[in-house]
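I have placed the structure first, in the form of structure tokens, so that the comments after it can refer back to it.
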Amino acid sequence: MRSRAEMERSGFYQRLALPALVVITLFFLVPLLITLSSAFIDEGGSLSLAPIISVFSNPYIHRIMRFTLIQAAISTLASLVVALAGAYLLFAYSFRFKRLILALSAVPFVIPSILVVLGFVIFFGNNGFLNTALMNIFSLSEPPIRILYSYKAIILAHTFYNFPIIMNLVATYAMHLDRRLEAVSYTLGASKAKTFFSVTLPRLLPAIISASSLVFLFCFSSFAIILVLGGGPRYTTMEVEIYRQARMMGNTGAAAALSLFSIAVTSLLLVAYNRSQRRLSKSEAYREPLSLEKRPAGLVGRVLAVLYTIISLLFVLAPIISVIVRSVYSSSTGFTLKWYRQLLNLERATSHMGSALTALTNSLLIALAVSLLAVILGTGLAASIERRKKSRGALELLGMLSMTVSSVIIGLGYFLISSRLRGNASLSYTLVVLAHLVIALPFVLRVMLPEYRKIPLSYAHSAWTLGSTPGHAFFSVELPLLKSAMVSAAIFAFAISMGEFNATLTLSSSTIITLPIVMYRLIGSYNYQGACALGTILIAVSAVVFIATGTAKGTHHA
Amino acid sequence: MHNSGLACTLNASYDEFTLNAEFAIEEGELACIIGPSGCGKSTTLQLIAGLLPLTEGSITLHGNDLTSVPVHHRQIAMVFQEYALFPHMSVASNIAYPLKLRHLKKSERTKRVAELLTLVSLEGYEKRKSDELSGGEKQRIALARALASDPQLLLLDEPLSALDAKLRKHLREEIRRIHDETGITTLYVTHDQEEALSIADRIIVMRDGTVMQSGKAEEVYHAPNSLFVATFIGDGNTLPAHLFADGEEERSGVIFFRPEEATVQITVPGEHLPHLAFNEATVESCEFQGGRYRLHTRWQGYPIICYSERRPKGKSINLTVRKKDLLYFEDGNV
């Protein structure tokens, strides 16, 4: 629009982008470049391709690359199958639990990966609730389901975590399609199933492809799930190997070389996802959902619907509820609050539990700082992007850039920086805040941009003609209209930071104690109940996010 | 011309057209810019307000050169087509917005807000929110807010176009009254030429980014300087000039006259002044307008609109137009 030219001239909106740009450049691009440059420096310290060559000619690495891609593909496929079954039921039948399933499908968007892992162990483990229940029901002596620490566990966890995404995205898209095509198909004599496969599915293809590319991306970059449920060198993915090479082998060059591969894949996937999203919004005209007279489900339909609802509940809610239950109950100790007492330092705690309260406080403070900073920077950036004439695309890309790099690699950059600096605790925690900030910024931007777009230019113009400077107009007229969006974005950023595991673990030294880190250490030392106590707090935070932000457009970091 | 009002020379180029407008209005005048869609009327207002940059030219208001003055210092208030009332503020806060910027005390602000609400005939509306207001009320609040900033120049961008016909008529009179009470130099953009004719002191006709004519309403109506202006303002009849070459040189171009200048001859034509006769024009339709009838006729294939006091009895009538009422445009086309 022409009038943006004048807004650009005013300079105020230009300047709004500066803080975010500074942060992104200094605290994302610089660490990233430092990391990647290690891939081009050999042991002697001179420029060379040796690290890259040695890494990618290693058959062990080939195996890891294959495994990463294949497990991601299988997980995506499995998620697709489960999701499409659900999408079909939602689409074809009207039944009472519809809204429940849709709401459930938004849950994994807000659950941090470390919680997924814990829930899995508690529910599906050998001594987990599922096995215990089955053993009691069928009077078995041995746990029938032994899947933990295996390929199956990884796929299962990925499927649980991701099928709701596909179902949610596809179902939402499907609801806006013109249903008359299906009606025509029915009148021509085709059955519901046949219609679904020959008429509906092809039309849903853009949404399916879009959702699948997103899920593939998450499964590819999966870290916590592989780390814990994978259980060993047989089941290692790229991200885990990067972490291992950098933190356990001290082999920065190899880690950096692997990062190149990781970034290449994630960038490609994000480009594919973005393009498919754009195609989605241009494809079939979005219509008001046409409520076709839904046939009430016949017996088969009703059985399927109930079955699917039970399975969804099982997959989505059971692990979460198990965590809460386990935090206060176990077969050996009965019902007890002792883990919470230890958590709050009301009772003497051993090893990792002793640091639980510190972890909680730290995580809360870090999350607070991150959410405040992210919202301030993100809002300024969004306003600057929206009110520009030139270089909007470039600025938006820059704002979203950190999404193309996995959190492990972001953490790696900070690890390299911190190992060169002689730091104390506050430096370490500053690095954690910055890493979380860089990770959260694109999500805040994604919330604020469309909200800001809704504000007509004429408001600011009006204020200017009434005598207000551009800056005053922004703060007195535009910002108040963004209040609720800013709160949503802040809650998002808060939750991302609270649950952030990948980057924090990668950059952490023994001095850094956050909630997910302590949970991980407790799991590692088999103190599941303690981990569950901490996990319950994370669940509470996630619940707040879930309620506050409503639905899907989610944060989701594997 | 000595002028202590607004004088502008505006040059700016865009994808759709190039703006090359030059005009002046006097202090205290209510001037209307009219023209077809896309002719640059709104762009002109935005350039004057400073919301768009000038490629070249100047803007002088009351003797001050505003060309390089930023928007918020120009003391030019603008009412937008969408009113742009701030949704998170009450009516009183909206109107008080410019007063707050000028650091008026709370009691002074309250007093001034009440005065302005009375001026726009909306007493007692202080606490309402903008989503509780009708279109006409929003427009008047936007006007009150603009006046609160005590402007040297008031710009109105199609303020009534979103309202229904009856409300438009009522509100344009209100705008005229408010203008007369405050005496502020006002520039008003509309595409409704009837609106412009009824309330403007001066009419500026624009087309494709240029000013075609600028003058008093009567002037532009009776003495349009081009066929475009003639046909844009009010109704008129256009016929090729060569049909009436009466022994004089061959004439190209067109002749033009207003419907009310054509007299319907019911009886045998009398001749007092030199006139043109259109004999046996067929009456195609007849609209009753309350005080008179508006006839659409066709004469030798050309449409002619005229008025009559009585409903014509037959299908065919005779019309005469006095030659001194005719306008001639050489380069015009029918």
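The values are calculated or read from the model by the stated rules, or taken from the named source; none is laboratory data. The structure displayed is predicted, hence computed values, not measured ones. Glycine also receives a Cβ, built like all others from the backbone with ideal geometry; neighbour counts cover every protein chain displayed. Keep in mind that these areas ignore ligands, DNA and RNA; they rest on the heavy atoms of the full protein, side chains included. Shrake-Rupley method; radii C 1.70, N 1.55, O 1.52, S 1.80 Å.
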Enumeration of residues in region A:509-541 that are hydroxyl-bearing (Ser, Thr, Tyr), open to solvent by 10 Å² or more (accessible area, probe 1.4 Å) and at negative phi: A:Ser509, A:Ser510, A:Thr511, A:Tyr520, A:Ser525, A:Tyr528, A:Thr536
Residue within region B:63-71 that is over 22 Å from the mean Cα position of the chain (by Cα), buried (at least 16 other Cβ atoms within 10 Å of the Cβ) and not in a loop (DSSP other than H, G, I, E, B) present: yes
Hits in region A:420-455 - residues which are over 20 Å from A:Val22 (Cα atoms), open to solvent by 30 Å² or more (accessible area, probe 1.4 Å) and not β-branched (Val, Ile, Thr): A:Arg420, A:Leu421, A:Arg422, A:Gly423, A:Asn424, A:Ala425, A:Ser426, A:Pro450, A:Glu451, A:Arg453, A:Lys454
Criterion violated by B:Leu54 - all others in (1) over 19 Å from the mean Cα position of the chain (by Cα); (2) modelled with pLDDT of 90 or more; (3) of a type in the set (A, V, I, L, M) satisfied: (2)
Some residue of region B:304-311 being over 21 Å from B:Val229 (Cβ atoms), at pLDDT 85 or above, acidic (Asp, Glu) and open to solvent by less than 100 Å² (accessible area, probe 1.4 Å): no
Qualifying residue in region B:107-119 (condition: in a loop (DSSP other than H, G, I, E, B), surrounded by fewer than 20 Cβ atoms within 10 Å (Cβ to Cβ), among the β-branched types (Val, Ile, Thr) and more than 8 Å from every other protein chain (Cβ to nearest Cβ)): no
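So that you can scan it fast, the table gives a plain yes or no per residue for (1) in a strand (DSSP E or B); (2) polar (S, T, N, Q):
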position	(1), (2)
B:Ala7	yes, no
B:Cys32	yes, no
B:Gly38	no, no
B:Thr44	no, yes
B:Leu52	no, no
B:Ala77	yes, no
A:Val107 vs. criteria within 17 Å of the chain's Cα centre (by Cα), open to solvent by 10 Å² or more (accessible area, probe 1.4 Å) and closer than 30 Å to A:Ser497 by Cβ: yes
Evaluation of B:Phe80 against (1) open to solvent by 20 Å² or more (accessible area, probe 1.4 Å); (2) within 30 Å of A:Leu482 (Cα to Cα); (3) at pLDDT 90 or above (one fails), failing number: (1)
Matching option when the condition is touching a Phe, Trp or Tyr at 6+ places or on another chain (Cβ under 9 Å) and either under 20 Å from A:Ser75 (Cβ atoms) or of a type in the set (Gly, Ala, Ser) (or both), among A:Ala171, A:Ala183, A:Ala190: A:Ala171
Some residue of region A:516-530 being assigned to a helix (DSSP H, G or I), under 19 Å from A:Arg446 (Cα atoms) and among the aliphatic types (A, V, I, L, M): no
Any hit, region B:207-217, residues being among the basic types (Lys, Arg) and within 14 Å of chain A (Cβ to nearest Cβ): no
Enumeration of residues in region B:1-27 that are in contact with a strand residue (DSSP E or B) (Cβ under 6 Å, 6 or more places away or on another chain), surrounded by fewer than 22 Cβ atoms within 10 Å (Cβ to Cβ) and of a type in the set (Gly, Ala, Ser): B:Gly5, B:Ala7, B:Ala24
Neighbours by Cβ (under 9 Å, 6+ apart or cross-chain): first from region B:72-96, more than 7 Å from chain A (Cβ to nearest Cβ); second among the acidic types (Asp, Glu) and buried (at least 22 other Cβ atoms within 10 Å of the Cβ): B:Val79/B:Asp157; B:Gln81/B:Asp157
Tally, over region B:28-52, of residues that are small (Gly, Ala, Ser), closer than 12 Å to B:Arg207 by Cβ, open to solvent by less than 10 Å² (accessible area, probe 1.4 Å) and away from every other protein chain (no Cβ under 14 Å): 1
Of the criteria (1) open to solvent by less than 30 Å² (accessible area, probe 1.4 Å); (2) of a type outside the set (Ser, Thr, Tyr); (3) in contact (Cβ under 8 Å) with a residue 60 or more places away in the chain, which one A:Ile147 fails: (3)
Test: residue in region B:160-169 that is within 12 Å of another protein chain (Cβ to nearest Cβ) and among the acidic types (Asp, Glu): no
Exclusive hit being basic (Lys, Arg), assigned to a helix (DSSP H, G or I), farther than 20 Å from A:Val117 by Cα and open to solvent by 10 Å² or more (accessible area, probe 1.4 Å), set A:Arg203, A:Arg234: A:Arg203
Filtered residue count, region B:172-218, keeping only those that are part of a helix (DSSP H, G or I) and either open to solvent by less than 40 Å² (accessible area, probe 1.4 Å) or touching a strand residue (DSSP E or B) at 6+ places or on another chain (Cβ under 8 Å) (or both): 12
Options A:Ala485, A:Ala473, A:Ala425, A:Ala463; residue that is without any contact (Cβ under 8 Å) to a residue 40 or more places away in the chain, over 19 Å from A:Pro112 (Cβ atoms) and more than 10 Å from every other protein chain (Cβ to nearest Cβ): A:Ala485
Options A:Leu377, A:Leu372, A:Leu397; residue that is modelled with pLDDT under 90 and under 24 Å from the mean Cα position of the chain (by Cα): A:Leu397
Selection within region A:461-493 - assigned to a helix (DSSP H, G or I) and either basic (Lys, Arg) or touching a Pro at 6+ places or on another chain (Cβ under 6 Å) (or both): A:Lys483
Residues of region B:135-184 that turn out to be basic (Lys, Arg) and within 17 Å of the chain's Cα centre (by Cα), as a count: 5
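Which is crowded, with 22+ Cβ neighbours inside 10 Å, aliphatic (A, V, I, L, M) and touching a Cys at 6+ places or on another chain (Cβ under 6 Å), of A:Ala87, A:Ala72, A:Ala83? Give the steps one after another, and end with the answer.
Details: A:Ala87 fails: touching a Cys at 6+ places or on another chain (Cβ under 6 Å); A:Ala83 fails: touching a Cys at 6+ places or on another chain (Cβ under 6 Å).
One residue alone meets the criteria, A:Ala72.
Only one of these is closer than 24 Å to B:Leu156 by Cα, within 8 Å of chain B (Cβ to nearest Cβ) and either crowded, with 20+ Cβ neighbours inside 10 Å or at pLDDT 95 or above (or both): A:Ser458, A:Ser468. Name it.
A:Ser468
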